[in-house]
1. Quick one: in segment 55-66, which of the residues that are at pLDDT below 85 and surrounded by 10 or more Cβ atoms within 10 Å (Cβ to Cβ) is farthest from N22 (Cα to Cα)?
2. How many of the residues making up segment 67-80 are within 21 Å of L21 (Cβ to Cβ), of a type in the set (A, V, I, L, M) and part of a helix (DSSP H, G or I)?
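The values are calculated or read from the model by the stated rules, or taken from the named source; none is laboratory data. Being a predicted model, the structure only gives us computed values, none of them experimental. Here the Cβ positions follow ideal geometry from the backbone for every residue, glycine too, while neighbour counts run over all protein chains shown.
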Amino acid sequence: MLSTVTTKGQVTIPKPIRDLLNIRPSDKVDFIQEGDRVLLVPVTTLKDLRGSVTPCGNGDFRKERITAKSVVGKRVAREMK
């Protein structure tokens, strides 16, 4: 897919690529150079993960926090593969 670079150095990411990578307005992306290629990688922030873990409901916030960290850590590791 072709995209034109503007005089400001901006490009539009084609919609099929945005859909594939689940990139939405205001999302952050990273450009990673690998030899003579550049990869476009969406950046997942902690804010993006808000609400991804349902609370246990037992009121033990320390235990819930430990559980949440484990679940989010596994999810991030899975997404980065």
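1. Going through segment 55-66, the residues at pLDDT below 85 turn out to be 55-65.
With the extra rule that they be surrounded by 10 or more Cβ atoms within 10 Å (Cβ to Cβ), the set shrinks to 55-56, 60-61, 63-65.
Numbers: P55: 26, C56: 29, D60: 34, F61: 32, K63: 32, E64: 29, R65: 27 Å.
Among those residues, the one meeting the criterion is D60.
2. Qualifying residue count for the region: 3.
Residue-by-condition table, conditions (1) among the basic types (K, R); (2) part of a loop (DSSP other than H, G, I, E, B); (3) surrounded by fewer than 10 Cβ atoms within 10 Å (Cβ to Cβ):
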| position | (1), (2), (3) |
| --- | --- |
| M1 | no, yes, yes |
| G9 | no, yes, yes |
| P16 | no, no, yes |
| S26 | no, yes, yes |
| F31 | no, no, yes |
| V41 | no, no, no |
| T44 | no, yes, no |
| D48 | no, no, no |
| G51 | no, yes, yes |
